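Laboratory data are not the source of any read-out in this text; all were calculated from the coordinates shown. In this text, all values refer to a predicted model and were calculated from it rather than measured experimentally. Every residue, glycine among them, receives a Cβ derived from its backbone with ideal geometry; neighbour counts consider all protein chains shown.
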Amino acid sequence: MPIKWYGNGDLEDPIYKHYSRIVNFVIHCMIFTTIVSGTWLLKEIKYEISFFNYFAIFWSILLASHLLFVIMKKPKDISKQST
C-alpha cells in the first residue's frame, strides 16, 4: 500500500517544529558518526592526524549543545496539542 501524502507540514505548529528539530539533530548525529569514524579509521590505518582528538571533542560539544537546544525548545504539554 503506498504512503498517503498529506501535504507539507505547518511551519508554525510547535509540534511540527519540535519534530523537525529532532530530525535535524539525528542528521547531525549521523554526519558526526560518519566523519569521526572515517577520520579515526584513516588515522589508525595510515595517516597521523594530530588534530583528531580536538576535532572530535569540539564536535561532540557542539552535538551536546544541539541536544540541549532541542530539549529546551520542546513545547510544553505535547499530549494536549496533538490531533
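Points to keep in mind about this one:
- Each of MET72, THR39, VAL26 was scored by the projection of its Cα onto the charge dipole of the chain, and the greatest displacement toward the positive side belongs to MET72; charges sit on the C-beta of Lys, Arg, Asp and Glu.
- Net length available on complete extension from PHE52 to ILE27 is 6.9 nm, with 0.36 nm assigned per residue and the Cα-Cα distance removed.
- Estimated Rh, the chain: Kirkwood, alpha-carbon pairs, angstrom: 15.6 Å
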